[in-house]
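Just so it is clear, none of the values below were taken in a lab; they were calculated from the coordinates. Since we're looking at a predicted model, the values are computed, not measured. When we count neighbours, we look across all protein chains shown, and the Cβ atoms used for this are built from the backbone with ideal geometry, even at glycine.
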Amino acid sequence: MATERIQEIEKEGKKAFPEAGSEEELRELEVRYFGRKSELTGILKGLKDLSADEKREVGPAVQGVRMALMEAFSSAKERVAREGRDWEAERIDVTAPGANDPLGHLHPISLIIGELGDIFTRLGFEIPEGPELETEFYNFEALNFPADHPARDMQDTFWIDSEGLDTRYVLRTHTSPVQIRYMETHTPPFRIIVPGRTFRNESTDATHEHTFHQFESLVVGEAGDLTVGHFKQLGETFFEAFFGRKVSVRLRPSYFPFVEPGFEFDISCVFCGGNGCSSCKGVGWIEVGGAGMVQQKVFEAAGYPRGQYQGFAWGFGLERLAMMKYRIPDTRMFMSGDLRFIRQF
Ligand code: DAH
């Protein structure tokens, strides 16, 4: 009797599971066939009251049906899950263009500093750094700007409140103080460039900014080794590598306390090649900075004996070079923090 009922249960179950259309129906069937109060469980529980012969017959039969229905249940579960998926929503368009993860951009001044590094390390230069917050000694005194000398008025200075300190501090007005710092710990011959941030207390316009960058160069050898001709040549070599075209250098006499003789350093206009255009205001030359042969007083301030060494130095404005290279019309763009500007590089 029990075995007949077991076979009926099997038949019913094998029909019910494939017909189940939802997870909910499946849960009901699970309870009906495998639950604690299900018929199969009831029969299993009743086995202990049967005779040994009956046990041998009913036991395996009920287990076999249970296994078969379990299988039917699990394939029904898979089928319902599959049918329940929204294939349209899950569709992946393999032809769609990829998402564009935006990359950062290097600031044009950083790009220029990187290029300077490439060009000058190839020429055997070192690239030391110095502090942006400088003492009066390194920014002025050691560079032969005597205290209360009118030459200090050449550079509008941000003086830092230094009350109670043993020295007065400034935001460095140029990269020249690094000349002194480097010479204090090195013996010639050597050649360095120093790109860095500088500050002037002045009102801003299209060609002036209170925070800007310079790059200093200093080349020192034994007395008699280096002449003005050397730095003119080095300047031409650098500018031609930097602009990728023929560039001529012109020196005009000028005054800086830390050089003698001192020069304004002009290059032939990189836009018109020297013929005259609106960028060079028709003169064919563009001023890029100051230069000269190092004053012996500067060597002395750095601890070198007077007369033993000779060298040249220059200080160029990086913004000026970047403006020429990338045709940037206004120097205030560099510090504007405007992402639309930065993203163009
Ligand atoms: N430090 C000067 C300035 O900012 C520029 C300069 C002139 C640097 C002559 C030099 C130099 O090294 O030799 O105005």
**OP:** Name the most mobile residue of 62, 298, 270, meaning the one with the largest mean-square fluctuation, in a Gaussian network model of the chain with Cα contacts below 10 Å.
**Re:** 62
Original post:
Size of the dipole of the chain about the Cα centre, Lys and Arg at +1 and Asp and Glu at -1 on the beta carbon, nothing else charged, in debye to 20?
Top reply: 740
Original post:
Convex hull over the Cα atoms of region 2-83, averaged projected area in nm²?
Top reply: 4.9
Original post:
How large is log10 I(q)/I(0) at q = 0.11, 0.16 Å⁻¹ when the Debye formula is applied to the Cα atoms of region 108-342, each weighted equally and without solvent?
Top reply: -0.56, -1.22
Original post:
Using the C-alpha gyration tensor of region 121-226, what are the square roots of 5 times its eigenvalues, in whole angstrom, with the largest one first?
Top reply: 26, 18, 13
Subject >> Radius, Kirkwood style, for region 219-345 when every pair of distinct Cα atoms is counted (Å) >> reply: 16.2
Original post:
Classify region 299-345: rounded, prolate or oblate, from the alpha-carbon gyration tensor (a ≥ b ≥ c, eigenvalue square roots; a/c under 1.5 rounded; otherwise prolate if a/b is larger than b/c)?
Top reply: prolate
Original post:
Could you give me the ³J(HN,Hα) list for region 74-85, computed from phi with Karplus coefficients 6.51, -1.76, 1.60 and θ = phi - 60°, whole Hz, x at Gly and Pro?
Top reply: 5, 6, 5, 4, 4, 5, 5, 4, 5, 5, x, 7
Original post:
Under a GNM of the chain (C-alpha, springs under 10 Å), which listed residue has the highest mean-square fluctuation: 19, 209, 129?
Top reply: 19
Subject >> Full-extension gain in nm, residue 5 to residue 78, via 0.36 nm per residue minus C-alpha separation >> reply: 23.5 nm
**OP:** Can you tell me how much longer the chain between residue 202 and residue 37 gets when fully stretched, taken as 0.36 nm per residue apart minus their C-alpha distance, in nm with one decimal?
**Re:** 50.2 nm
**OP:** Please state, to two decimals, what the Cα-based radius of gyration of region 59-143 comes to when divided by 2.2 N^0.38 Å (N = residues).
**Re:** 3.07
**OP:** Would you order 203, 217, 176, 110 from fewest to most other beta-carbon atoms within 10 Å of each residue's own beta-carbon?
**Re:** 203, 110, 217, 176
Original post:
Pick from 294, 259, 283: which is most flexible by mean-square fluctuation in a GNM of the chain where alpha carbon atoms under 10 Å apart are linked?
Top reply: 283
Subject >> P(r) weight above 14 Å for region 139-195, C-alpha pairs, percent >> reply: 63
**OP:** Quick one: what are the phi-derived ³J(HN,Hα) couplings along region 183-198, Karplus 6.51/-1.76/1.60 with θ = phi - 60°, whole Hz, x for glycine and proline?
**Re:** 5, 4, 10, 9, 10, x, x, 7, 9, 9, 10, 9, x, x, 8, 9
**OP:** Return the sequence-ordered ³J(HN,Hα) values of region 324-340 in whole Hz as given by the Karplus equation 6.51 cos²θ - 1.76 cosθ + 1.60 applied to θ = phi - 60°, using x for Gly and Pro.
**Re:** 6, 5, 9, 6, 9, x, 9, 5, 5, 5, 4, 9, 5, x, 7, 5, 5
Subject >> Count, lysine Cα pairs under 23 Å in region 1-102, 8 or more residues apart or across chains >> reply: 14
